[in-house]
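Notes follow the structure.
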Amino acid sequence: MMHCTVAIIGAGPSGIAAGVQLTRCGIPTVVLEGGAVGGLLRNAHWVENYPAFPNGIKGIDLARRMEEQLYAIGVELLPQSVQAVDWDGKQFYLVTSTQTIACEFLVIASGTRPRLLPDQIVEKAAQIRIFYQVVDLNQPHQAKIAILGAGDAAFDYALNLAADNAVEILNRTERKRCLALLWERAKCLPTIRYTPNAELLWVESEGATGLRLTLSCAGKTETRHVDYLLVAIGREPNLGFLNPVFAQQLVMLETAGQLYRIGDVQNGIYRQTAIAVGDGLKAAMQIYHQILEVSK
Ligand SMILES: Cc1cc2nc3c(=O)[nH]c(=O)nc-3n(C[C@H](O)[C@H](O)[C@H](O)COP(=O)(O)OP(=O)(O)OC[C@H]3O[C@@H](n4cnc5c(N)ncnc54)[C@H](O)[C@@H]3O)c2cc1C
């Protein structure tokens with residue numbers, strides 16, 4: 001069994017920041033990442049609120065810089081997804097598909113998972129053209145894309161795709177929940193169409209030609225033919241790998257300073273990169289000081 005002092009679940013901005021700081025402090029640390037290093041940030045069209053980039057930076061480029069820093073500092077990264085976590089009163093045990101890792105401190109930096117469309121409105125064959133992150137679309141070209149949602153992510157996705165595709169944002173209600181500046185930018189672009197009061201009723205496959213969406217638009221039934229559907233209807237903490245018994249011990253372990261939840265997984269509506277990075281740095285410093293205290 002592998003053993004380390006600290007294990008970090010997730011290599012998004014918060015996990016990277018924690019991993020970099022702990023490694024700098026000389027504390028044996030591993031970071032486990034089940035997807036792509038950089039996490040959700042890789043989707044951000046243009047990040048304008050992360051200090052040190054006066055003209056903004058693409059999320060994918062900022063994520064790449066963070067990844068480079070991870071390697072430059074020599075953080076140990078395991079490309080493995082954590083499937084379960086256990087605690088025996090002294091150590092944590094992280095189970096991945098290939099091994100079990102024991103550690104004394106656990107940092108959960110697993111971010112959020114998307115709210116999914118209900119199965120009953122999606123034909124099974126249509127699933128293949130439905131996405132929840134813009135990076136998974138793999139830079140489509142001249143495609144027709146419907147985006148479901150009306151928050152920052154939906155508008156950010158639209159701005160990301162509009163240069164090369166025709167996009168329609170479908171909002172279930174009248175109310176937009178995005179930053180005013182995203183709306184201002186979106187409404188100037190002829191390749192972005194915005195439709196309020198459009199409720200998605202049914203998604204079906206049209207084979208190789210795409211998807212057929214059935215909508216209720218202000219009470220009238222309408223259809224759309226699109227290549228892809230991108231869903232941005234909210235996100236929730238990603239803690240599915242914790243069994244209910246362990247989940248009940250989270251607060252106790254946090255109070256004892258053994259476990260830390262950092263970044264989007266615990267930040268509610270305050271899901272921003274700089275906050276996630278700050279959380280990671282703080283957790284790393286707290287762990288470092290605890291280790292120093294014990295060794296006095
Ligand atoms: C479209 C969009 C635009 C955005 N724009 C901005 C912006 O302009 N400015 C800004 O500050 N923020 C922006 N954000 C938010 C920013 O991306 C997040 O706040 C940030 O990525 C949170 O970092 P995190 O490390 O907490 O979580 P995440 O980035 O979600 O990283 C979590 C990581 O954990 C991994 N993971 C999860 N479960 C497991 C497991 N069981 N085992 C192993 N690995 C696991 C995931 O694969 C992921 O890589 C945007 C987000 C989106 C979607």
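Being modelled with pLDDT of 95 or more and either under 18 Å from the mean Cα position of the chain (by Cα) or at positive phi (or both) is true for just one of LEU94, LEU40. Which residue is that?
On the way: LEU94 fails: either under 18 Å from the mean Cα position of the chain (by Cα) or at positive phi (or both).
The unique qualifying residue is LEU40.
Enumerate the pairs (first residue in the stretch 100-112 and assigned by TED's automatic domain parsing to the domain that holds TYR270; second residue anywhere and among the small types (Gly, Ala, Ser) and more than 6 Å from the ligand (Cβ to nearest atom)) with beta-carbon separation below 6 Å, excluding pairs fewer than 6 apart on the same chain, so at least 6 apart or on different chains.
If the second residue must be among the small types (Gly, Ala, Ser) and more than 6 Å from the ligand (Cβ to nearest atom), the pairs left are ILE101/ALA7; CYS103/ALA7; LEU106/ALA7; VAL107/ALA18; VAL107/ALA283.
Report whether or not THR223 is modelled with pLDDT of 95 or more and either of a type in the set (Val, Ile, Thr) or surrounded by fewer than 14 Cβ atoms within 10 Å (Cβ to Cβ) (or both). Give the derivation first.
Details: modelled with pLDDT of 95 or more: yes; either of a type in the set (Val, Ile, Thr) or surrounded by fewer than 14 Cβ atoms within 10 Å (Cβ to Cβ) (or both): yes.
Yes; evaluated as a whole, the condition is true for this residue.
Considering every residue within the stretch 108-118, establish whether at least one is polar (S, T, N, Q) and near the ligand (Cβ under 9 Å from one of its atoms).
To start, the set of residues in the stretch 108-118 that are polar (S, T, N, Q) comprises 110, 112.
When the remaining residues are screened for being near the ligand (Cβ under 9 Å from one of its atoms), the result is 110, 112.
Yes, some residue in the stretch 108-118 is polar (S, T, N, Q) and near the ligand (Cβ under 9 Å from one of its atoms).
Can you name every residue in the stretch 11-23 that is among the hydrophobic types (A, V, I, L, M, F, W, C) and within 12 Å of the ligand (Cβ to nearest atom)? Working first, answer last.
Just the residues of the stretch 11-23 that are among the hydrophobic types (A, V, I, L, M, F, W, C), to begin with: 11, 16-18, 20, 22.
Residues satisfying the conditions are ALA11, ILE16, ALA17, ALA18.
Residues that are of a type outside the set (D, E, K, R), touching a Leu at 6+ places or on another chain (Cβ under 8 Å) and free of Cβ contacts under 8 Å to residues at least 60 places away in the same chain: does the stretch 61-69 have at least one?
Initial filter on the stretch 61-69 (of a type outside the set (D, E, K, R)): 62-63, 66, 69.
Pick out the ones that are also touching a Leu at 6+ places or on another chain (Cβ under 8 Å) and you get 62-63, 66.
With the extra rule that they be free of Cβ contacts under 8 Å to residues at least 60 places away in the same chain, the set shrinks to 63, 66.
Yes: one or more hits.
Return yes when ASN55 is within 18 Å of the chain's Cα centre (by Cα), loosely packed, with under 14 Cβ neighbours inside 10 Å and not in a helix (DSSP H, G or I) and no when it is not.
On the way: within 18 Å of the chain's Cα centre (by Cα): no; loosely packed, with under 14 Cβ neighbours inside 10 Å: yes; not in a helix (DSSP H, G or I): yes.
So ASN55 fails the test.
Within the stretch 66-93, how many residues turn out to be among the aromatic types (Phe, Trp, Tyr) and farther than 16 Å from THR29 by Cβ?
Filtering the stretch 66-93 down to residues among the aromatic types (Phe, Trp, Tyr) leaves 71, 87, 92-93.
Next, from what is left, pick out any that are farther than 16 Å from THR29 by Cβ: 87, 93.
Residues that pass the stated criteria total 2.
Mind checking which residues of the stretch 24-44 are buried (at least 20 other Cβ atoms within 10 Å of the Cβ) and either small (Gly, Ala, Ser) or more than 6 Å from the ligand (Cβ to nearest atom) (or both)? Walk me through it before giving the result.
Let us first name the residues in the stretch 24-44 that are buried (at least 20 other Cβ atoms within 10 Å of the Cβ), namely 29-33, 37-44.
Those that are buried (at least 20 other Cβ atoms within 10 Å of the Cβ) and either small (Gly, Ala, Ser) or more than 6 Å from the ligand (Cβ to nearest atom) (or both): THR29, VAL30, VAL31, VAL37, GLY38, GLY39, ARG42, ALA44.
The values are calculated or read from the model by the stated rules, or taken from the named source; none is laboratory data. Fair warning: this is a prediction, and the values are worked out from it, not measured in the lab. Don't worry about glycine lacking a Cβ; one is built from the backbone with ideal geometry, like all the others, and counts go over all protein chains shown.
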